[in-house]
Every structure is written in C-alpha cells, then in structure tokens.
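Take a look at the structure set out below.
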Amino acid sequence: VQLQAYGGGLVQPGGSLRLSCVVSGSILSIFDMGWYRQILGKQRELVARITSGGTTNYADSVKGRFTISRDNAKNTVFLEMNTLKAEDTAVYFCNAFRRALVIDYWGQGTQVTVSS
C-alpha cells in the first residue's frame, strides 16, 4: 500500500489550501484515513480523521476551519484547509489505518507554509 500526498505550498494567513492523498495498492474503503502534521522538533499530531464509515473528528485547533473528506471511487482523501494561520505551518502526512489488522501506512508528507 502506498500513499502519495499532494497540494502543499506557501499561502498567506487567511488563505486556503487543499491537500490530496491518493492510495494505491489497495482499495481506500477498507481504511480509516487521517491527516497528521509535524513541526520540526515536535511530535506528530492528529489533524483530522475520517473512518471507513465516514465519521470525522478534528483537532480542536482546526475545528471549523479544516474539512476532511474521502472519495472511495478515486481512492483519494482530501483535507480542505481554510482561514490558515501561521501556526498551521508544518509537514502534513497522510495515514491509512486498517482496523481489522491493526496496521497503518504513511505517506511521504507535504510541506504547508503559512506566511506573509
């Protein structure tokens, strides 16, 4: 199973970005999917998660600003990020978790920088 994340970049405060994560080597529908982020020197933290059934949850810091969604037909998970703040600057990682086997997979990360 491979995960490829896209969509990072440089954006001004208040701006928006949309991250995509394409899963290959398996079908997306069997996985719970998540977006995590990591700042250099700090632990990786959960940003948003969507279960195989479509239930979502978010870190308090992004509630109301970020939206996670999935398109199983396209094997892709999205993270819509609005009203971005400087503190959202991090490397964002895509995660796929298969509950039945307690196995998870990680993508390579994409850099998001929020700066004027």
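The values are calculated or read from the model by the stated rules, or taken from the named source; none is laboratory data. Keep in mind the model is a prediction, meaning the values are calculated, not measured. Cβ atoms come from the backbone with ideal geometry, glycine included; neighbour counts cover every protein chain shown. In case anyone asks, the SASA skips ligands and DNA or RNA and just uses the protein heavy atoms, side chains included. Shrake-Rupley method; radii C 1.70, N 1.55, O 1.52, S 1.80 Å.
Note down the relative contact order for the chain as a percent, whole number, built from C-alpha pairs under 8 angstrom at least six residues apart.
Relative contact order of the chain: 37 percent.
In units of 2.2 N^0.38 Å, what is the alpha-carbon radius of gyration of segment 8-98?
So the Cα radius of gyration is 1.06 times the expected 2.2 N^0.38 Å.
Given a 1.4 Å probe, how much area per residue of segment 6-116 is accessible, in Å²?
Each residue of segment 6-116 exposes 52 Å² on average to a 1.4 Å probe.
Using a 7 Å offset from Cα along Cα-Cβ at SER115, what residues in segment 66-92 end up with backbone N under 16 Å from the label point?
85-92
For a Förster distance of 30 Å, can you work out the FRET efficiency between the beta-carbons of GLU80 and VAL102, rounded to the nearest 0.05?
Working: r = 29 Å, r/R0 = 0.97.
After rounding to 0.05, the efficiency reads 0.55.
Ignoring ligands, DNA and RNA, what percent of the 1.4 Å accessible area of segment 18-112 is carbon and sulfur? Don't skip to the answer; put the middle values down first.
Details: 2470 of 4850 Å².
Heavy-atom surface of segment 18-112 belonging to carbon and sulfur, 1.4 Å probe: 51 percent.
Which of the trypsin sites (Lys or Arg not before Pro) found in segment 7-116 are in a DSSP loop and have at most 16 neighbouring Cβ atoms, other than their own, within 10 Å?
Within segment 7-116, the qualifying trypsin sites (Lys or Arg not before Pro) (loop, at most 16 other Cβ atoms within 10 Å) are LYS42, ARG44, LYS63, ARG65, LYS85, ARG99.
What does the extension gain come out to for ARG65 and LEU40, with contour length at 0.36 nm per residue minus their alpha carbon separation?
6.7 nm
Mind checking which lysines have their Cα closer than 28 Å to the Cα of LYS42? Skip sequence neighbours fewer than 8 apart in that chain.
The reachable lysines, counting only those whose Cα sits under 28 Å from LYS42, are LYS63, LYS85.
What Kirkwood radius, in Å to one decimal, follows from the Cα pairs of segment 51-116?
This gives a value of 13.6 Å.
What is the extension gain from TYR6 to ASN57, computed as 0.36 nm multiplied by their sequence separation minus the C-alpha to C-alpha distance, in nm to one decimal?
The span from TYR6 to ASN57 would gain 16.2 nm if fully extended.
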